[in-house]
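In what follows, a structure is listed as structure tokens, so that the remarks can point back to it.
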Amino acid sequence: MPMVRATVVEAGADRSELVFQLDPGGCLRGRIRPPGDKSISHRALMFGALAEGETRVEGFLEGEDTLATLAAFRAMGVEISRPAAHELIIQGVGLHGLQVPDAALYLGNSGTSMRLLTGLLSGQSFDTVLRGDASLSRRPMGRVTEPLAKMGALIHSTEAGTPPLEIQGGRTLQGRQHRLRVASAQVKSCLLLAGLYAAGETCVQEPVVTRDHTERMLQAFGYPVEVTDRGICLNGGGQLKGNALQVPADISSAAFFLVGAAISPGSQLLIEKVGVNPTRLGVIHILRLMGAEVEFRNSREFGREPVADLHVKASALRGIRIPREQVSLAIDEFPIIFIAAACAEGETILEGAEELRVKESDRIAVMAAGLAELGISAQPTADGMVIQGGTFSGGRVHSHGDHRIAMAFSMAALVAKGPITIDDCGNVATSFPGFVKLAGAAGLQIHTEAGAGA
Ligand code: S3P
């Protein structure tokens, strides 16, 4: 298909030189507030942009991933102001008010931006091109382009089914029932977003429950969504109404501190305003099974999202077989759960988590290599890992540009025998700007060696 105006301005070029240096020992104490939830921040931007009227957002995550979504909507003519830190005012343009962007939309490292936008853009009157960085350009997009094609969308990817994606506008989408093979909230959300533009009803049936922020937020914007025996269903052609939202702190970011405090003697930490949506609580269930002491305090709601302050203190952990039904509810937390397993007494077994191989890095391979480098016996399998609890030595590990790998190995230093060096940490800024400062203030002995931005 003809695709002009595809010049790309790639922000934040190569920051792979950023290195984390950690001195061994210490513990985590005090009160912290991690940044806003990434999944909810992306969706707040998307639904705010497509709504009628103004949407105000507090607690927005100013990470590179969510800022990529923000830039994409500005490029499509949506006025978004940032009156104060973590605050947005979005002037919604309505479902049919987006304008053709001048260039390809560059989405950096952000799989959520790319997969959700692919659904939304399939329903527009104009063509778009979506690009990403080296990691995103390796990630599978067939899981969204194939079901979208069945609705009538026309999308070109590389032969391998990876980005860049060229999405043709002016198509007529037809609602249908999708039965997903992969457990993926990104795929579910992509199809529901396309469903807003489709004739009739779109239903998505998941193989297991995944995070339900899209469903909750659609309802918060006044869009009817029903859970029936055909899955999560909505009818196209409705309207979203501008809204005021408060974004909770990201439980996926809090997880590094939950584990850091659980494994390091003397720790006692209160993590404030954490989103505790039941579809995100796998990490808490798993850590409690391992013997961690995590307490919910001051439970409340931000709109339709449950929130609590999490209190955690050091405790002895034991190895477990991780219940399969928790895997999709903890899918982003396995790098740090592996660190907890390495500190536990006995063996921890994870199965049924093959999705970890197609995240920002192959998290099974990269974590197994890093654990082995730090003296832990870790046996990777096709869909998981078997880890024997032990003691971390010092050493040098590579994060492969994966934010969650970098932050997970940082916490290992609390109980390591020697210093830990972590290469390629620039992408921590995608989900957790300010990690080094916040972790340092809580007691982690961390500093950076080159570059800036974490
Ligand atoms: C996300 C869903 C998950 C998760 C990602 C955010 C979302 O991806 O790993 O960080 O916001 O919908 P999958 O849908 O690929 O599991």
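If we scan region 203-212, do we find a residue that is closer than 25 Å to GLY303 by Cα, in contact with a Lys or Arg (Cβ under 7 Å, 6 or more places away or on another chain) and away from the ligand (no atom under 16 Å from the Cβ)? The answer is yes, given that some residue of region 203-212 is closer than 25 Å to GLY303 by Cα, in contact with a Lys or Arg (Cβ under 7 Å, 6 or more places away or on another chain) and away from the ligand (no atom under 16 Å from the Cβ). Here LYS313 meets the list (1) under 23 Å from SER253 (Cβ atoms); (2) of a type outside the set (S, T, N, Q); (3) within 16 Å of the ligand (Cβ to nearest atom) almost entirely, failing just condition (3). Checked against (1) touching a residue at least 40 places away in the same chain (Cβ under 8 Å); (2) surrounded by 15 or more Cβ atoms within 10 Å (Cβ to Cβ), ASP102 passes all but condition (2).
Listed here are the strands (runs of 3 or more DSSP E) enclosed by region 360-438 that have at least 3 residues being closer than 18 Å to GLU449 by Cα: 395-398, 420-423.
Go over the candidates ALA365, ALA416, ALA406 one by one and state the one that is among the hydrophobic types (A, V, I, L, M, F, W, C), closer than 18 Å to GLY260 by Cα and in contact with a Pro (Cβ under 8 Å, 6 or more places away or on another chain).
ALA416
Within region 316-366, the set of residues being without any contact (Cβ under 8 Å) to a residue 24 or more places away in the chain and away from the ligand (no atom under 16 Å from the Cβ) comprises ALA365 only.
Residue-wise test of (1) assigned by TED's automatic domain parsing to the domain that holds LEU28; (2) more than 18 Å from the chain's Cα centre (by Cα); (3) surrounded by fewer than 23 Cβ atoms within 10 Å (Cβ to Cβ).
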{"position": "LEU258", "(1), (2), (3)": "yes, no, no"}
{"position": "SER267", "(1), (2), (3)": "yes, yes, yes"}
{"position": "THR279", "(1), (2), (3)": "yes, no, yes"}
{"position": "VAL283", "(1), (2), (3)": "yes, no, no"}
{"position": "GLU295", "(1), (2), (3)": "yes, yes, yes"}
{"position": "ARG324", "(1), (2), (3)": "yes, yes, yes"}
{"position": "VAL327", "(1), (2), (3)": "yes, no, no"}
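For region 377-398, filtered to residues that are under 18 Å from ARG321 (Cβ atoms) and of a type in the set (Val, Ile, Thr), the residue that is farthest from the ligand (Cβ to nearest atom) is VAL386.
Kindly provide the set of residues from region 435-452 that are of a type outside the set (S, T, N, Q) and either in contact with a His (Cβ under 7 Å, 6 or more places away or on another chain) or crowded, with 16+ Cβ neighbours inside 10 Å (or both), ordered by number.
The answer is PHE435, VAL436, LEU438, ALA439, ALA442, GLY443, LEU444, ILE446.
Just so you know, in region 213-254 the residues that are assigned to a helix (DSSP H, G or I) and hydroxyl-bearing (Ser, Thr, Tyr) include one that is nearest to GLY303 (Cα to Cα), and it is THR214.
In the set (1) more than 16 Å from the ligand (Cβ to nearest atom); (2) in contact (Cβ under 8 Å) with a residue 40 or more places away in the chain; (3) closer than 25 Å to GLY237 by Cβ, the condition left unmet by THR118 is number (1). For region 116-163, give me the residue count where each residue is within 18 Å of the chain's Cα centre (by Cα) and part of a loop (DSSP other than H, G, I, E, B). Count: 7.
The values are calculated or read from the model by the stated rules, or taken from the named source; none is laboratory data. In this text, all values refer to a predicted model and were calculated from it rather than measured experimentally. Note that each Cβ is placed from the backbone with ideal geometry, even for glycine, and that neighbours are counted across all protein chains shown.
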